[in-house]
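So the structure is just underneath, and the comments pick up after that.
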Amino acid sequence: MSGIVGFLNTDSSIEDKEEQIDQMMERIVHRGPDYGRKFVDVGVALGFRCLDTNGSKCGDQPIFNESDSKTIIFDGEIYNSQELQQKLQEKGYLFKTNDDAEVILHGYEAYGSEFVKKLRGVFAFVIWDSEKQELFGARDYFGTKPFYYYHKNGTFLFGSEIKSFLDHPAFEKRVNAQALKPYLTFQYPATDETFFKEVYRVPEGHYFFAKDGQVTFTQYWDAQYTEEPMTEDEAINQIDQAVQDTIQAHLPNDDVEVGTFLSSGVDSSLVTTMVQPQYTFSIGFGEHTYNESSEAKKLADMLHLNNESRVIESEEAFDAFPMIQYHLDEPSSNPSCVPLYFLAKLARKHVKVVFSGEGVDELFAGYTEYGFSSNSRMVRVFAQGLKKLPKKTRYRLASRLEHTSNFHGKLHLYQSIAPAEDFFIGQARIFDESESDDYLQPKYQQCESVHDIVEKQYQKVPDLPELKKMQYLDMHQWMPKDILLKADKMTMAHSLEARPPLLDIRLMEVAEKIPCKYLLNSKSTKYAFRKVAHRHLPEEWANRKKLGFPVPIKDWLHNERFYKQVREVFAADFASEFFDQEKILDLLDRNYQQEIDARRRIWTIYSFLVWYKVYFVKEQQTNDLVLSKSSKK
């Protein structure tokens, strides 16, 4: 893994381009501290930072074709590169390196843009064609690797991280006023335009061409959900075989030491059991409720694996929080960013490559928000029966149910039969939209609605079963804009390569055709996947409920020291630009006095304000600190 940066611009001189690309590369040195290299020509500048994981690939990029007419820079891993290279060699292409990037380069020469569909892996790359003066780029199927662009003032900027744009003279740093209100609901940057005005993400599953000042995007892949007829055993067997195959495909060379992130959950436990790594890594806060590391160690001991763990002190979590928001590029109030940052820091002391469990809950329906809200077996069985009713009948019943008085099991029944569009926006809902208006200044109240944001995805799949509609939404919102983004940014902050082996295009091809009744039913979430886990794990681990990273935000905000620290940020002059300061201070004070529980709303506001302070109040100071730390690695 590594980092890429670059720009198209015919106005500046070669000397200016050299200086500008150097600055861009320096901003992302943490993504590749082992090597940096660039290519500069009249119309383009390309920069590459490399994290050397096996001692043989680093330094090859940018890579040129045999005639030097095409150049590639690439961030990612291609897991079928040997197979593709062999086919390209049979076509007569010569290879000078062992780098996956050269496989993509020659594949593009042989097949054009359609070659992207042949890739199995995670990637963000660009290829510059000097003869056509054209740039071709692509981002992987799920958006595992970050990829941003900015097109203005005669310049097309692109890179793995937004911060690489900050020093370029064509870039105008401004807050996107329309991103804040949706963020308060979703907890992550939910709009297509990022928190930086006119900076966008290259959409997952898309490629693009940039030429003569024009940029065009094409979607080359999207999930194709179906429900193929199969028995329960057939579903379990297909998943089991696909899981084993994909983990095998993701394993690095034998001489590369790897670790796994290990919590008490089924996903990371299964990955660890199958990978059998040299190290496992666990982390927690204090004891019991906020610390899963003791349970993780039990499994590591059973497997005779080394487990490295540590406890995060609250003071260091708060001290590191500005740096966490800096590395995220955009504000995120997902509490798990904090432990993940420290987990990556711990792992990097021992390995450069780590496996994690992202993707399982999205592929195999592991979230309770998909409609598993009751502990009552009777309620769940009854709801499973209601799902068999005709769609119109279910929708009418859901409408009536929505307006009845509350009773035990109502939420579970409603979510089991209602249209997904009526209640599901993803895995987080912090502020209701109307509530956001109570706290925001008028300038920040006018924006794209939550309904419009999710409707863009729902309208693509109107005929899918409700569960698969929700999975589709998460595939295009929650995963690329929250889960995968924080996984990449928090690990690369410490120059650590993270591989999510259970988020793979071949595994997705199996997952998308599994019938809903084997995904979520009256017995459990990700039902068939848990059955697979039973084959490889002790029952205690295979049946565990999803916890995520437990983070003691509630305790922090009731602690006088941290309450005052948050209050200082809420009371800062710059906070009044965005929020009704009286109201956010009152919210914080009432929570501290335990009159209300507003921890997630407070943390969401706090995360944004810390991000703003980092990038717009003390940006140079923060960057100097990052570069200072990177130089010591």
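The values are calculated or read from the model by the stated rules, or taken from the named source; none is laboratory data. For clarity, every value in this text was computed on a predicted model and none was experimentally measured. In this analysis, Cβ positions are derived from the backbone assuming ideal geometry, glycine residues included, and neighbour counts consider all displayed protein chains.
Details
- Qualifying residue in segment 460-482 (condition: outside any helix (DSSP H, G or I) and among the basic types (Lys, Arg)): yes
- Unmet requirement for Lys70, which otherwise passes all of (1) closer than 23 Å to Gln219 by Cβ; (2) surrounded by fewer than 24 Cβ atoms within 10 Å (Cβ to Cβ); (3) among the basic types (Lys, Arg): (1)
- Yes/no for Cys447 being closer than 21 Å to Phe431 by Cα, touching a residue at least 60 places away in the same chain (Cβ under 8 Å) and touching a helix residue (DSSP H, G or I) at 6+ places or on another chain (Cβ under 7 Å): yes
- Among residues of segment 50-75 being within 24 Å of His250 (Cβ to Cβ) and at pLDDT 95 or above, the one that is farthest from the chain's Cα centre (by Cα) is Ile63.
- Residue match in segment 89-110 (condition: hydroxyl-bearing (Ser, Thr, Tyr), in contact (Cβ under 8 Å) with a residue 60 or more places away in the chain and surrounded by 21 or more Cβ atoms within 10 Å (Cβ to Cβ)): no
- Among the residues of this structure, Ser416 does not count as one that is touching a residue at least 12 places away in the same chain (Cβ under 8 Å), assigned to a helix (DSSP H, G or I), among the small types (Gly, Ala, Ser) and closer than 26 Å to Leu588 by Cα.
- Tally, over segment 200-233, of residues that are part of a loop (DSSP other than H, G, I, E, B) and of a type outside the set (Val, Ile, Thr): 15
- Count - residues of segment 431-451 that are surrounded by fewer than 20 Cβ atoms within 10 Å (Cβ to Cβ) and not in a helix (DSSP H, G or I): 6
- Hey, Thr273 touching a residue at least 60 places away in the same chain (Cβ under 8 Å), touching a His at 6+ places or on another chain (Cβ under 8 Å), surrounded by 19 or more Cβ atoms within 10 Å (Cβ to Cβ) and β-branched (Val, Ile, Thr) or not: yes
- Hey, Pro169 on the phi < 0 side of the Ramachandran plot, assigned to a loop (DSSP other than H, G, I, E, B) and touching a residue at least 40 places away in the same chain (Cβ under 8 Å) or not: yes
- Single unsatisfied condition, Glu66 versus (1) of a type outside the set (Val, Ile, Thr); (2) without any contact (Cβ under 8 Å) to a residue 24 or more places away in the chain; (3) not in a strand (DSSP E or B): (2)
- When Pro335, Pro331, Pro339 are screened for being in a helix (DSSP H, G or I) and crowded, with 19+ Cβ neighbours inside 10 Å, only Pro339 passes.
- Residue under evaluation Asn375, criteria (1) within 24 Å of Pro277 (Cβ to Cβ); (2) without any contact (Cβ under 8 Å) to a residue 60 or more places away in the chain, criterion not met: (1)
- Entirely in segment 1-50, the strands (runs of 3 or more DSSP E) that have 3 or more residues that are out of contact with any Ser or Thr (no Cβ under 7 Å at 6 or more places or on another chain), surrounded by fewer than 23 Cβ atoms within 10 Å (Cβ to Cβ) and not basic (Lys, Arg): 35-40
- When we screen Phe407, Phe342 for residues that are without any contact (Cβ under 8 Å) to a residue 60 or more places away in the chain and not assigned by TED's automatic domain parsing to the domain that holds Ile505, the only hit is Phe407.
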